[in-house]
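Read the structure below first, then the notes.
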Amino acid sequence: MVIVVRGRDDRLLAFERSDLPGQWQLPQGGLKNGEAPIDAAWRELGEETGLGPSDVMAVAEYPGWVTYEYPAEVRMANGRIGQSQRWFLFDAMRNDVQPQPDGSEFTAWQWVTKAWMLEHAVEFRRQSYELVLSTI
């Protein structure tokens, strides 16, 4: 799952990875056995950012799976070819929403424009980000 949190001014929440300082991304995670995609999105959002139903509301789901392949060096490091993801759009319920990054995956956050997010997305994910963010 990939979760896009959109603020009331159309900016998006971006998070800095704890293991790769300076690399920013959207919250994401996997499905547990038997878990519905929207339930996984809510779970991952809560685990990674501390945000929940009093902060955001789910408003849309990208229609279909979005896939990408890892570059060779990532494949060698993690043994996987790539990822297939469902994307969800959540809207902030108020202007003062402030996530609390979990510290293990993310250490910082900021509100950014779509253009900034696309420019700063890691190269092998950029096409997926462009595809989905162009629809919101």
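List the residue pairs whose Cβ atoms are under 9 Å apart, where the first residue sits in region 3-16 and is of a type in the set (Phe, Trp, Tyr), the second is open to solvent by 10 Å² or more (accessible area, probe 1.4 Å), and the two are 6 or more positions apart or on different chains. Here the result reads 15/24; 15/101; 15/105; 15/107; 15/108; 15/109; 15/110, each pair linking region 3-16 to a residue that is open to solvent by 10 Å² or more (accessible area, probe 1.4 Å). Taking the conditions (1) under 14 Å from the mean Cα position of the chain (by Cα); (2) without any contact (Cβ under 8 Å) to a residue 60 or more places away in the chain in turn, residue 123 satisfies each one other than (1).
Has region 67-77 got any residue that is open to solvent by 50 Å² or more (accessible area, probe 1.4 Å), under 27 Å from residue 103 (Cβ atoms) and assigned to a loop (DSSP other than H, G, I, E, B)?
No, because not a single residue in region 67-77 is open to solvent by 50 Å² or more (accessible area, probe 1.4 Å), under 27 Å from residue 103 (Cβ atoms) and assigned to a loop (DSSP other than H, G, I, E, B).
Of everything in region 98-136 that's part of a loop (DSSP other than H, G, I, E, B) and in contact with a Leu (Cβ under 7 Å, 6 or more places away or on another chain), which residue is farthest from residue 32 (Cα to Cα)?
The residue in question is 136.
If we scan region 51-62, do we find a residue that is in contact with a Leu (Cβ under 7 Å, 6 or more places away or on another chain) and either surrounded by 13 or more Cβ atoms within 10 Å (Cβ to Cβ) or more than 12 Å from residue 5 (Cα to Cα) (or both)? Yes, some residue in region 51-62 is in contact with a Leu (Cβ under 7 Å, 6 or more places away or on another chain) and either surrounded by 13 or more Cβ atoms within 10 Å (Cβ to Cβ) or more than 12 Å from residue 5 (Cα to Cα) (or both).
Within region 101-117, is there a residue that is under 26 Å from residue 8 (Cβ atoms), at pLDDT below 90 and either small (Gly, Ala, Ser) or more than 13 Å from the chain's Cα centre (by Cα) (or both)? The answer is yes; a qualifying residue exists.
Total residues in region 29-54 satisfying the condition of being touching a Lys or Arg at 6+ places or on another chain (Cβ under 9 Å) and either more than 18 Å from residue 98 (Cα to Cα) or aliphatic (A, V, I, L, M) (or both): the figure is 9. When each of 34, 64, 46 is tested for being farther than 19 Å from residue 10 by Cα and at pLDDT below 95, the lone residue that passes is 64. Could you tell me which residue of region 5-41 is nearest to residue 62 (Cα to Cα), considering only residues that are in a loop (DSSP other than H, G, I, E, B) and basic (Lys, Arg)? Among residues in region 5-41 that are in a loop (DSSP other than H, G, I, E, B) and basic (Lys, Arg), the one nearest to residue 62 (Cα to Cα) is 11.
Residues in region 13-39 that are surrounded by 15 or more Cβ atoms within 10 Å (Cβ to Cβ) and within 12 Å of the chain's Cα centre (by Cα): 13, 14, 15, 16, 17, 24, 25, 26, 27, 28, 29. Annotation: of all residues in region 78-102 being of a type in the set (D, E, K, R) and in contact (Cβ under 8 Å) with a residue 40 or more places away in the chain, the one that is surrounded by the fewest Cβ atoms within 10 Å (Cβ to Cβ) is 94.
The values are calculated or read from the model by the stated rules, or taken from the named source; none is laboratory data. Because the structure is a prediction, the values reported are computed rather than measured. Cβ: placed from backbone, ideal geometry, glycine included. Neighbour counts: every protein chain shown. When the accessible area is computed, the model is the full protein with side chains, heavy atoms only, and any ligands, DNA or RNA have been set aside. Shrake-Rupley method; radii C 1.70, N 1.55, O 1.52, S 1.80 Å.
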